[in-house]
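Below: one structure, written as C-alpha cells.
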Amino acid sequence: MCGIVGYLGEKPAQPILIAGLKRLEYRGYDSAGIVSLSPRSKATLVRAKGKVSELVAKVSEAPKTDVIGIGHTRWATHGEPSKRNAHPHNVGDIYLVHNGIIENYQDLKAMLSRYDYEMKSDTDTEVLTALIDYLSHKHETLLEAVSGALNMVVGAYGIAVIDRKNPDEIIVARKGSPLILGLGKGEVFIASDASAIVGYTDQVIYLRDGEVAQCMRDGVELYDLEQNVVSQTVETLEIDLQAIQKQGHKHFLEKEIYEQPETVRATLGGRIDTEKHTAKLGGLNMTDAELRAVKHIFVVGCGTASYAGLLAKYYIEQLAPDVMVSVEVASELRYRSFTVPENSVALFVSQSGETADTLACLTEMKRRGVRCLGVVNAVGSTIAREVDGGVYLHVGAEISVASTKAFTSQVVAMVIFGIMLADSKGADKRVISEFVDELDSLPSQIEALLAEQAGEIAGIAKKYAKYEHALYIGRDALFPVALEGALKMKEISYIHAEGYPSGELKHGPIALIDDRFFEVCYIQDNWLYEKSQSNLIEMNARGAHAIAITDTTKKVPAENVIRVKTKLSYLTPLLFNIVTQLLAYNIAIARKTDVDQPRNLAKSVTVE
Ligand code: AGP
C-alpha cells in the first residue's frame, strides 16, 4: 500500500519525486522520504512523519539539483509510523524503498547480526537494505547484490535501490507489489502506480513478478533473479493528467460520485445491444459452449468489491437460474479448506487489481485449474495480468480511498457477464431484455438523480452528522447496498455503521435502537414493500431516527424520506446506493474528516 517513486535523468530529481509522492499519497501516508545523489556521490536523505507536505517543508530547507533519486510514502506494516521507520532506508552506501512484506526478515536480521549489522528501525525494509549492503561487498555490481538478496527473501516486494558510489543507475525489482517504469528521452521514471508517471511520458514497462530492472539514462535492461536478460514490452499509458485532477470538485470523492453517468457509459461501451438484447465482453475468452456449461460462480473480493459481488449475485441468479453464485471474502477464502464444484468459474473483483488477499485466492484457484476471470479497473495490474480473461471497468483512475464509481461499474460489468451467461443457456429472454434496457438507461437515471436530488440529500445528511452510530437495513438486492452504504459511512465519516438484512432486525440488531443511532432503511416499491415498511415501523416503535430511501410515492413513516424518481426496477438498488454515497460524503464534510484519505486506510491493500 506504500507509494514508490524514482527518477534518473538530467532534471533535478527532488521536485519530480515530491510531485510523484503527492499523486501517490492516497496509497498510504503515515510517513514519507526521498534520497538524491549528487554527481560526486553525496547523498541527501530527507524523511518525515506524516503527510508529504511535512516532507516538502524539510526538503525546501536544503534543496538539491541532484538528478537521481528515489522516494516513498509509507503505510506502516512493521514498526509504528515515525521518521525512524520511514523510507528510504540506508545501510552503508545502499538506499532502498520498499512496498510489501519480507516474511523471513527476522531470520535475515539474525544472520546479519553475526556480521555486526545493527538495525536502527523496526522495519523489515531496513533488514533487506542491510542484506544488500552485505552482499554488495561480495559482488561486483549492485544488480548482482540485489538479485542475490532477493533470492534469500521470502515475501512480497516492490523495491527501488541506489548505491551512493554509483549515481548513474537505479535497480528496481518486484514480486507481488506493482512497479511501472516510464521511459523518457535520456531519463527514466519509476513508480508503484501509473498516476505518478502521467504527464512525463506515456511509454511504460510494467515490471512482472520475479523481474529485476537496471535503469540507466539510456534505457532499461530487464533480468530474472538469475541475471538472465528477459524480454521487455513497452506499452502506451492510457491515463491522462486531466483525468487525475479534481476537475473543479472539492474532493476526488465528489468528482468520482458525479462521474458515474459517464463511467457507467464507459463500462457499457459497445458491450450491450439494445436491439437484439444481447451482451458481449470481448476479453472474456469464453465460447458460448463454455458459458453454457457454467453451473457455479465464485465471486471473490474484499470490502466494496465483495459487496459489488454480493449485489451481482442477486442479478446473475435472476438472469441464469441454473447458476449458483458464492460470494467469498478473499481474506477468509484464502485460508479456508473449500471444494470447487465441477463447471465452476471464479470472478476476481478488484478496482486496483493489486489487493493481496484477492490475488492470493486467484493464485489458489489457478493452481486448482479453475477458469479465472477478472473484473478490474487498473489496466496492466497484477490481477488483470494473471486471469484467463475478464473485463476492464474503464472508469479511469479512482483516486479517493473510498470506492464509488468502481462499485457501480463492477456491478454493471457483472450484470453484463450474467446476461451473456443467461443468453448462452437460453434463459428467459424477457428478463434478459429488461436487464439490457435497464443497463442502457442507468447512466441517464444516475444523471437525473445527481442533478435533481443532490441538494436535498445534502440538506438531510447534515442533520445526522452528530450521531456516532448508524444501522443500515435492506432486503434482497438492497441488503448488499446496506452493507456498502454502511462501509462508505464508516470509512469517510468514522461513524460506526452496520449493514443488515432487514429481516434480521428481530434477531438482534433491534436491541441497539436508541437516541445514539440513526437508521437508513431502503424500501423498494416491489414484492417486498410491505415487509420493508413493517421493519421501518418496528424501528420507529423503538424511537428510530430513520432516513428512508425509496422509489415509492406512497406514505413512508420515517423522520426523513428521500424519494428516488426512477423507471428502473432490477437496478434501482444502484440508484439507492448513489444516494448513500452522497449521504456519507456530506456527513463526512460536516464532520471535517479527511474525505479522500481517511485515517488508517490506503487505496490499495497490497499486503495482508
Ligand atoms: C472501499 O471503499 C475500500 N477502499 C475498500 O474496501 C476496497 O474496496 C477494498 O480494499 C478492495 O480494493 P480493490 O477493489 O482495489 O481490490
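The values are calculated or read from the model by the stated rules, or taken from the named source; none is laboratory data. What you see is a predicted model; the values in this text were computed from it and never measured. No Cβ is skipped: glycine too gets one built from the backbone with ideal geometry, and neighbour counts run over all protein chains shown. Ligands, DNA and RNA are excluded from the accessible area calculation, which covers all protein heavy atoms including side chains. Shrake-Rupley method; radii C 1.70, N 1.55, O 1.52, S 1.80 Å.
What pairs come up if the first residue lies in segment 139-156 and is assigned to a helix (DSSP H, G or I), the second is crowded, with 18+ Cβ neighbours inside 10 Å and hydroxyl-bearing (Ser, Thr, Tyr), and their beta carbons are under 8 Å apart, counting only those six or more places apart or on different chains?
142/136; 143/223; 145/136; 147/223; 150/157
Could you say which residue among 486, 497 is assigned to a strand (DSSP E or B) and surrounded by 24 or more Cβ atoms within 10 Å (Cβ to Cβ)?
From the options 486, 497, the qualifying one is 497.
Go through segment 439-475 and give me each residue that's open to solvent by less than 10 Å² (accessible area, probe 1.4 Å), over 27 Å from residue 268 (Cβ atoms) and either of a type in the set (S, T, N, Q) or assigned to a helix (DSSP H, G or I) (or both).
461, the sole residue that qualifies.
Can you tell me which residue among 450, 512 is among the hydrophobic types (A, V, I, L, M, F, W, C) and over 22 Å from residue 566 (Cβ atoms)?
Only one candidate passes the filter, namely 512.
Starting from residues that are of a type in the set (D, E, K, R) and in a helix (DSSP H, G or I), keep the ones in segment 509-540 and report whichever is least open to solvent (accessible area, probe 1.4 Å).
Here the residue is 538.
Hand me the list of strands (runs of 3 or more DSSP E) wholly inside segment 271-363 holding 2 or more residues that are more than 28 Å from residue 178 (Cβ to Cβ) and in contact with a strand residue (DSSP E or B) (Cβ under 9 Å, 6 or more places away or on another chain).
Where strands (runs of 3 or more DSSP E) fall fully within segment 271-363 and carry at least 2 residues being more than 28 Å from residue 178 (Cβ to Cβ) and in contact with a strand residue (DSSP E or B) (Cβ under 9 Å, 6 or more places away or on another chain), they are 324-329.
Looking only at segment 20-63, count every residue that is surrounded by fewer than 19 Cβ atoms within 10 Å (Cβ to Cβ), closer than 27 Å to residue 596 by Cα and touching a Phe, Trp or Tyr at 6+ places or on another chain (Cβ under 9 Å) and tell me the total.
2
When the residues of segment 269-319 are filtered to those that are under 21 Å from residue 438 (Cα atoms) and within 16 Å of the ligand (Cβ to nearest atom), which remaining residue is most open to solvent (accessible area, probe 1.4 Å)?
The selected residue is 307.
Cβ-Cβ under 8 Å, sequence separation 6+ or interchain: first residue in segment 277-294 and over 21 Å from residue 384 (Cα atoms) and touching a residue at least 60 places away in the same chain (Cβ under 8 Å), partner of a type in the set (Lys, Arg) and exposed (fewer than 14 other Cβ atoms within 10 Å of the Cβ). Which pairs?
277/429
I'd like to know if segment 423-431 contains one or more residues that are of a type in the set (A, V, I, L, M, F, W, C), within 11 Å of the ligand (Cβ to nearest atom) and modelled with pLDDT of 95 or more.
no
Looking at the structure I just gave you, is residue 15 in contact (Cβ under 8 Å) with a residue 24 or more places away in the chain and not β-branched (Val, Ile, Thr)?
no
Could you grab me the full set of residues in segment 354-390 that are acidic (Asp, Glu) and within 17 Å of residue 285 (Cβ to Cβ)? So that I can check it myself, show each step before the final result.
Of segment 354-390, the ones acidic (Asp, Glu) are 354, 357, 364, 386, 388.
Once the filter is applied, which keeps residues that are acidic (Asp, Glu) and within 17 Å of residue 285 (Cβ to Cβ), segment 354-390 yields 386, 388.
Output yes when any residue across segment 117-129 is buried (at least 24 other Cβ atoms within 10 Å of the Cβ), part of a strand (DSSP E or B) and in contact with a Lys or Arg (Cβ under 8 Å, 6 or more places away or on another chain), and no when none is.
no
Please go through segment 541-563 and pick out each residue that is open to solvent by 20 Å² or more (accessible area, probe 1.4 Å) and in contact with a Phe, Trp or Tyr (Cβ under 7 Å, 6 or more places away or on another chain).
Matches in segment 541-563: 545 only.
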